[in-house]
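Q: This structure is in structure tokens; I'll ask about it shortly.
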Amino acid sequence: MKKYCLVVNNVVTEIIPRFDAIFPSIPIEERYAKEFLDNCIAVDENTEVEVGDVYSDGSFTKQPPVEIPPEPEPTPGQPKDPDLKIQELEQQLLEVQQYIINKEAEELLKQGGI
């Protein structure tokens, strides 16, 4: 049996089994258009291949893992994470709003308005 690999820019982006559990009796040729399957590579069901593998010269190879460097520790004076800065500013805004409300309430009390 065969499975089909959709390869885009030499990278496997999808692996399609000949038969699918959702459509157990419908072969791939009836589930997908011929034009789509013509863009896929038919391989033996036992071929080791995963999404993300590189296809070159008729064979599949694993891509080396991409290492993501850790976030550097912030140094004094370095801008903070934007989300943290937004939270700090929102907190400051709430404090200013509460201060204004308190001042207005004091003024109303002095004027005998409450």
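Q: Would you pick out the residues in segment 60-87 that are of a type in the set (D, E, K, R) and at pLDDT below 90? Please lay out each step first, then the result.
A: We begin by selecting, within segment 60-87, every residue of a type in the set (D, E, K, R); these are 62, 67, 71, 73, 80-81, 83, 85.
Within segment 60-87, Glu67, Glu71, Glu73, Lys80, Asp81, Asp83, Lys85 meet the criteria.
Q: Give segment 7-29 a look and list any residue that's out of contact with any helix residue (DSSP H, G or I) (no Cβ under 8 Å at 6 or more places or on another chain) and at pLDDT 90 or above, or say none.
A: Within segment 7-29, the first condition is being out of contact with any helix residue (DSSP H, G or I) (no Cβ under 8 Å at 6 or more places or on another chain), and the residues that meet it are 7-15, 21-22, 24-27.
Correct list: Val7, Val8, Asn9, Asn10, Val11, Val12, Thr13, Glu14, Ile15.
Q: Could you please tell me which pairs satisfy a Cβ distance under 6 Å, a separation of 6+ or placement on different chains, a first residue in segment 38-66 that is touching a residue at least 24 places away in the same chain (Cβ under 8 Å) and closer than 16 Å to Val8 by Cα, and a second residue that is small (Gly, Ala, Ser) and in a loop (DSSP other than H, G, I, E, B)?
A: Gln63/Gly52
Q: When residues of segment 3-34 are filtered for being in a strand (DSSP E or B) and in contact with a Ser or Thr (Cβ under 9 Å, 6 or more places away or on another chain), how many remain? Quick ask: steps written out before the conclusion?
A: Filtering segment 3-34 down to residues in a strand (DSSP E or B) leaves 3-8, 11-17.
After this cut, where a residue has to be in contact with a Ser or Thr (Cβ under 9 Å, 6 or more places away or on another chain) as well, the list is 3, 5-7.
Looking only at that region, the number is 4.
Q: Which of the residues spanning segment 42-51 are touching a Lys or Arg at 6+ places or on another chain (Cβ under 9 Å) and surrounded by 11 or more Cβ atoms within 10 Å (Cβ to Cβ)?
A: Hits for segment 42-51 are Ala42, Val43, Thr47, Val49, Glu50.
Per-residue answers, yes or no, for (1) among the β-branched types (Val, Ile, Thr); (2) within 30 Å of Cys5 (Cα to Cα):
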{"residue": "Ala33", "(1), (2)": "no, yes"}
{"residue": "Leu37", "(1), (2)": "no, yes"}
{"residue": "Val43", "(1), (2)": "yes, yes"}
{"residue": "Leu84", "(1), (2)": "no, no"}
{"residue": "Glu104", "(1), (2)": "no, no"}
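The values are calculated or read from the model by the stated rules, or taken from the named source; none is laboratory data. Predicted model, so just to flag it, every value in this text is computed and none were measured. Ideal geometry is used to build each Cβ from the backbone, glycine not excepted, and the neighbour counts take in all protein chains shown.
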